[in-house]
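One structure, as structure tokens, below. Some questions next.
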Amino acid sequence: MSERPALRLGILISGRGSNMAAIARQCHDRRIGAQVAVVISERPEAAGLTTAREYGIPARAIAWPGADRGAQFEAAAQTVLAEAGAELIVLAGFMRILSSAFVLAHAGAILNIHPSLLPKYPGLHTHRRVLAAGERTHGATVHFVTPELDGGPRVLQSRIAVRPGDTEETLSARVQATEHIIYPRVIGWCAEGRLVWRDALAWLDGRPLAQPLLEDFDA
Ligand code: GRF
């Protein structure tokens, strides 16, 4: 592990927070040179907030009133993230769309994980759509966030085979298991300074990533 100070993460979640927990465990075990500074959810009942607190991580619920398209949430989140000294914002099952202004204010410092092999299947219900289309493979993508939904530079993808008899639930479980491996890995690259954002591109080890890296799990 390098001598760099731990990269401070601000993780945004909406639900279970299994990716957040996987990242937090790797930080705790010093497998990656990062530290979860704060976890934020727009849903006070999000199970991941409880998990974070059990891990001793500051966890905050911030309301997202429907009428203002997130303006109040974003302003409050900015304050909480700044107070926590968050250097990288990690969207981990955060089910709201952040404004372009928020995203551009943190350009190159927001990552997301999406449950599909982007650019295929941006948006919701990816497992259902993959099954309906008869795809033979599926997976997840870690990417930088830009104002285009699920459209920012892709860094690392996990690929699995779609098996006969798969359901949304079985596919989701197998994809999530890979997410818990690839998301901490990418965050570790950021912490080591290997992965950077420059000129609106993702650069790994000094080279722009024309295509995301792809790891096969059971394909
Ligand atoms: C993950 O499958 C992720 O790809 C998607 O939302 C899900 C979050 O799961 N964006 P969890 O809250 O991390 O368990």
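The values are calculated or read from the model by the stated rules, or taken from the named source; none is laboratory data. Computed from a prediction, not measured in an experiment: that's the story for all the values here. All Cβ positions, glycine included, derive from the backbone under ideal geometry; neighbour counts span all protein chains shown. These area figures cover heavy atoms from the full protein model, side chains too; ligands, DNA and RNA do not enter into them. Shrake-Rupley method; radii C 1.70, N 1.55, O 1.52, S 1.80 Å.
Over the chain, calculate the relative contact order: mean separation of alpha carbon pairs under 8 Å at least 6 apart, over the residue count, as a percent.
Value for the chain: 19 percent.
Describe numerically, in nm with one decimal, the distance between label points set 7 Å from Cα along Cα→Cβ at TYR55 and at ARG16.
1.5 nm
Using a Gaussian network model of the chain whose springs link C-alpha atoms within less than 10 Å, name the residue from GLY165, GLY15, GLY48 with the highest mean-square fluctuation.
With Cα springs under 10 Å in the chain, the top fluctuation among GLY165, GLY15, GLY48 is at GLY165.
Can you work out the Karplus-derived ³J(HN,Hα) for every residue in the range 169-177? Use 6.51 cos²θ - 1.76 cosθ + 1.60 with θ = phi - 60°, whole Hz, and x for glycine or proline.
The phi angles translate into 5, 5, 5, 4, 5, 6, 5, 4, 4 Hz.
Continuing with this model, one more query. Take the Cα of ALA161, step 7 Å along the line toward its Cβ, and report every residue of the range 119-153 whose backbone nitrogen sits under 11 Å from that point.
Residues passing the 11 Å test: 137.
Could I ask something else about it? Take the alpha carbon atoms of the range 94-146, find their center, do the same for the range 19-69, and report the distance between the two centers in whole angstrom.
Computed from Cα coordinates, the inter-centre distance equals 19 Å.
I'd like to check one number: the per residue accessible area of the range 7-216, probe 1.4 Å, reported in Å² as a whole number. Walk me through the numbers on the way to the answer.
Working: 9720 Å² over 210 residues.
Per-residue accessible area for the range 7-216 comes out at 46 Å².
Next question. I'd like the carbon and sulfur percentage of the solvent accessible area for the chain, probe radius 1.4 Å, heavy atoms only, ligands and nucleic acids excluded. Kindly include the intermediate steps, with their values, before the conclusion.
Working: 5540 of 10580 Å².
That share works out to 52 percent.
Pull out the extension gain between LEU213 and ARG198, defined as 0.36 nm times the separation in residues minus the alpha carbon to alpha carbon distance; nm, one decimal. Let's see the in-between values first.
Numbers: separation 15, 0.36 × 15 = 5.40 nm, distance 1.77 nm.
This chain segment gains 3.6 nm when fully extended.
Right, next: Taking the chain as a Gaussian network, where each spring joins two C-alpha atoms under 10 Å apart, which residue of PRO147, PRO119, PRO208 fluctuates the most?
PRO119
Extending each Cα 7 Å along its Cβ direction at ARG31 and ARG128, get the distance between those two points in nm, one decimal.
3.3 nm
Grab the other residues whose beta carbon is less than 12 angstrom from that of SER172, score K and R as +1, D and E as -1, and report the net. All intermediate terms of the calculation are to be shown ahead of the outcome.
Details: positive: ARG16, ARG128, ARG174; negative: ASP166, GLU168, GLU169, GLU179.
Local charge sum for SER172: -1.
Can I ask one more? Can you divide the C-alpha Rg of the chain by 2.2 N^0.38 Å and report the result to two decimal places? Let's see the in-between values first.
On the way: Rg = 16.7 Å, N = 219, 2.2 N^0.38 = 17.1 Å.
This ratio for the chain stands at 0.98.
Right, something else. Using θ = phi - 60° and the Karplus curve 6.51 cos²θ - 1.76 cosθ + 1.60, what whole-Hz ³J(HN,Hα) does each residue of the range 20-28 get, with Gly and Pro shown as x?
4, 5, 5, 5, 4, 5, 5, 5, 4
Using a Gaussian network model of the chain whose springs link C-alpha atoms within less than 10 Å, name the residue from LEU124, LEU49, LEU88 with the highest mean-square fluctuation.
LEU124
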